Amino acid sequence: MAKKQKPIQRKRLQSIGNTYMEGAQINGQRSQVFLAYPLTAEKEFSFYNRRTLLKKKRYVESSLSILGGLIRKDVKYVVGRGIIPMPCTLDDAWNDQTTNDCIEWASNPIVCDAMGLQDFWEMQDWMEASDFGEAEGFAAMVNSAQVNAPQLQLIDPGEVEYFASSGTPSALLPTGDFSYFDGVKLNSAGRVVGYAVRVTDGGGPGGSQDVDAANMIHYC
């Protein structure tokens, strides 16, 4: 079993922005195509081109209302009423109790959301909107001493990044070493073992916190 993940303590962060006109004007990449869906952790997405994609998407979303409408339509028809776990054991009493417990957990933002802002179904809406608009979404499965229940912590795609000592191909790593590709942590066999979440401006050692892959939902 993966060790329990404590909530990520973010310090001062600069928002990636929701207008970011410079993302469409001064980066010199307007004629290039950035693939929205990566095939591997080692290609297509880099820190630079993914961040540029996010800047451009958020600029377009703030300038063109049809994009926000498309995202809301996608959320409406993909999520609908959302996922409701329904146990199907032969013990009907246990099934009913577990379903009720789950719904009670999911309906209370203070309990299910590490930020205390959204209930479980609102978080599903957020995740699908993030996936449709920005190609991916992240949610860390965390555990807090303040709440005697598992919690989810939504992570902005712009926060999953790593600046220092990144980019070494996994095949060139000594056994036991790790490398990062745009926030995705790989071992020497090329397996995804974690994600680096930026917690301070600048990233790098001390500026990001690793979350084990077993404790991160990466929806893409």
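A short reminder: the numbers here are calculations on the coordinates, not readings from a lab. The model shown is predicted, which means the values in this text are computed figures rather than measured ones. Note that each Cβ is placed from the backbone with ideal geometry, even for glycine, and that neighbours are counted across all protein chains shown.
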Fill in the blank from the handout: Per its Cα gyration tensor (rounded if a/c is under 1.5, else prolate when a/b beats b/c, else oblate), the range 70-110 is best filed as oblate
Problem - Label-point separation in nm, Ile103 to Asp91, each point 7 Å along Cα→Cβ - result: 2.0 nm
Exercise for the section: Would you please give the residues with an amide H less than 5 Å from that of Ile155, counting only those at least 5 places away or on a separate chain, with H modeled from the backbone geometry? Expected result: Phe138, Ala139, Ala140
Fill in the blank from the handout: Ranked output for segments 94-105, 136-147 by mean other Cβ atoms within 10 Å, highest leading, reads 136-147, 94-105
Problem - Links that overshoot a 31 Å alpha carbon limit, given the list Lys4/Lys55; Lys55/Lys185; Lys4/Lys56; Lys56/Lys185; Lys3/Lys76 - result: Lys4/Lys55; Lys4/Lys56; Lys3/Lys76
Problem - Gyration tensor (alpha-carbon) shape descriptor, the range 65-177, a/c threshold 1.5 - result: oblate
